[in-house]
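Report on one structure; see the data block that follows.
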Amino acid sequence: MIYDLAVVGAGPAGLTAARVAARRGLSVALLDAYAKTGGQFLRGAAQPRLTGVDVRLGRRVWAVEKSQERFEIHASETTTATTLLVATGAHDRVIPFPGWDLPGVLTAGGAQALVKGERVKPGEEVVVAGTGPFLLPVAVTLLDAGVRVKEVLEANRPSPRMAAALARVPSKAAEALGYARRLAEARVPYRTGHAVVAAHGEDSVEGVTVAKLTRDWKPYAWRTVDCDTLAVGYGFTPQADLLVQLGCRTEGDHVTVDDHQRTSVDGVLAAGEVTGVAGAAAAVVEGALAVHALIGAPPPRLLAERARLRRFARALELSYPVRDGWQHWLTPGTLVCRCEEVTVSALEEARDLGADDPRTVKLLARPGMGWCQGRMCGHAVARLTGHDPAPQKRPFAQPITLADLTLHDREDST
Amino acid sequence: MIEFRFQDRVITAEEGQSIGAALHAAGIRSWRTTRFGDRPRGLFCAIGACFDCLLTVNGRPDQRACQTVARPGDEVTA
Ligand SMILES: Cc1cc2nc3c(=O)[nH]c(=O)nc-3n(C[C@H](O)[C@H](O)[C@H](O)COP(=O)(O)OP(=O)(O)OC[C@H]3O[C@@H](n4cnc5c(N)ncnc54)[C@H](O)[C@@H]3O)c2cc1C
Ligand code: FES
């Protein structure tokens, strides 16, 4: 069967698109790597009814091929469709510091996912650190789960731009106020211009070093805080592998789209965080808009809503950047690439040999060549070689087994 | 509640919980060591992106603990 629309990713963007498309009478397949629908925001919530949608869970899409007028979407089996919507979301953006590979150091999103999706306490005494407004709901989720949150550390300082943006979106302002009130009630300090610059422990985190930061993130005034867990996140990175594979145009860290969520490649749509990190509400609007690429002009109401949410996201991005001062936290032995265990000094050696771009550094010192394919060290390696982080071209969006390949060989030969 | 084995321990997990979450909840925070530095690894991203949490499930190596739902009777090793 050839579907009118195949959606990869069942988060807020993909779910909305699949539901709207089915209601409009299109044949729809919805694929997700995970065992449940919902993506990162809705995880653990009740599974929505998706009448008329072929839902295929536990399907890791590792590649998409465009042949003539259709797409072959390869997971443990192949799905064929005339239009493809990629809504694969984002993952936490992380930056290295000494001890960041100790068990007990979790990403902020990971800590949130453990509580919301798995009903597991990430730890008993947790420090939350990094940058961006996402740290607040993470801290509140932990508090609500009965975790002792020792401090919330925001590396950036409050910006007038952010205050102005909040004033224009009352719902976001109310949400932020609610979090702040909850933290104050629980007597959890929220400190701006602070960061965790090292984690300590034998086999697991026993404490962290906290420093005050100058505006460009140079640390000074260090102290230690005892804790068994650190939840750390510096925003999110769009997970656009499939779109990059297909040759879709990118800008900065994300894929560019038009008013119908169309990418630069014919028949390929994108919605949600892959088009630029903007949160769950924007993902829902974009998912609905994407269907209009198949059924006609997008409603002005949706376009206006998207523009409003994008403006807000842009203000966030400018208010909570990752500033290069984090490089002062590194020591020669700090791991940059967790998978291949590449240290700062190994990267410096490669640089001394003349490697001055991420690709050459990668060939010489192997950062980003391991299992995660640079998802965790991509930002750091790019900045350490003086480049802007950009989506990387990965041959496979997901690791595949020999069995997957032989299965496809068999199909090819018939 | 369901039960599975990790090395020589019996671990209980909630229905639908991942093996990684169940191990973490049982106080087991690392289950493998790295190839070169012999450093302990467990959960980091919890959403299948970092591959820190790899382990062997019923003889299948290199499974992401955070993405693998625990089933009754699973045999899990490092
Ligand atoms: C760990 C984490 C936790 C978060 N928690 C929250 C939160 O609590 N509150 C909040 O407001 N925001 C949270 N966010 C921000 C989140 O990005 C947005 O809120 C929102 O979920 C984005 O929606 P989306 O539809 O773009 O993508 P997502 O919700 O990320 O959904 C993407 C889906 O695509 C699937 N996928 C990815 N690659 C493939 C592939 N190759 N093959 C098959 N399926 C694939 C994933 O399994 C996932 O289900 C979190 C982000 C992360 C990374
Ligand atoms: S913890 Fe990152 S992949 Fe499982």
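Can you name every residue in region B:1-37 that is in contact (Cβ under 8 Å) with a residue 24 or more places away in the chain, more than 16 Å from ligand 1 (Cβ to nearest atom) and not in a strand (DSSP E or B)?
Residues satisfying the conditions are B:GLN7, B:GLN17, B:ILE19, B:ALA22, B:LEU23, B:TRP31.
Among the numbered conditions (1) surrounded by fewer than 22 Cβ atoms within 10 Å (Cβ to Cβ); (2) touching an Asp or Glu at 6+ places or on another chain (Cβ under 8 Å), tell me where A:PRO103 comes up short.
Checking A:PRO103 against (1) surrounded by fewer than 22 Cβ atoms within 10 Å (Cβ to Cβ); (2) touching an Asp or Glu at 6+ places or on another chain (Cβ under 8 Å), the one that fails is (1).
Which of (1) outside any strand (DSSP E or B); (2) farther than 13 Å from A:CYS339 by Cβ is the odd one out, the single condition B:VAL76 does not satisfy?
(1) is the only condition that B:VAL76 fails.
Do any residues in region B:39-55 that are on the phi < 0 side of the Ramachandran plot have Cβ atoms under 6 Å from those of residues that are charged (D, E, K, R) and near ligand 2 (Cβ under 6 Å from one of its atoms), where the two are at least six apart or on different chains, and which pairs are they?
Every condition considered, the pairs that remain are B:ARG41/B:ASP52; B:PHE44/B:ASP52; B:CYS53/B:ARG64.
Of a type in the set (D, E, K, R), in contact (Cβ under 8 Å) with a residue 60 or more places away in the chain and surrounded by fewer than 22 Cβ atoms within 10 Å (Cβ to Cβ): which single residue out of A:ARG375, A:ARG311 fits that description?
Working: A:ARG375 fails: surrounded by fewer than 22 Cβ atoms within 10 Å (Cβ to Cβ).
Going through A:ARG375, A:ARG311 in turn, the sole match is A:ARG311.
Read through the list (1) in contact with a Leu (Cβ under 7 Å, 6 or more places away or on another chain); (2) within 20 Å of A:GLU273 (Cα to Cα), then give the number of the only condition that A:VAL208 fails.
Among (1) in contact with a Leu (Cβ under 7 Å, 6 or more places away or on another chain); (2) within 20 Å of A:GLU273 (Cα to Cα), the lone unmet condition for A:VAL208 is (2).
Provide a single number: the residues in region A:47-88 that are in contact (Cβ under 8 Å) with a residue 40 or more places away in the chain and assigned to a strand (DSSP E or B).
Result for region A:47-88: 19.
Can you name the residue in region B:38-59 that is away from ligand 1 (no atom under 16 Å from the Cβ) and out of contact with any Ser or Thr (no Cβ under 9 Å at 6 or more places or on another chain) and, of all such residues, is nearest to the other protein chains (Cβ to nearest Cβ)?
Across region B:38-59, the extreme among qualifying residues is B:LEU54.
Scan the strands (runs of 3 or more DSSP E) fully inside region A:144-204 and keep the ones with 2 or more residues being acidic (Asp, Glu) and at negative phi.
In region A:144-204, A:148-154 are the strands (runs of 3 or more DSSP E) which contain 2 or more residues that are acidic (Asp, Glu) and at negative phi.
A short reminder: the numbers here are calculations on the coordinates, not readings from a lab. Since this is a predicted model, take the numbers as computed values, not measurements. Positions of Cβ are generated from backbone atoms using ideal geometry, with glycine treated the same way; all protein chains shown enter the neighbour counts.
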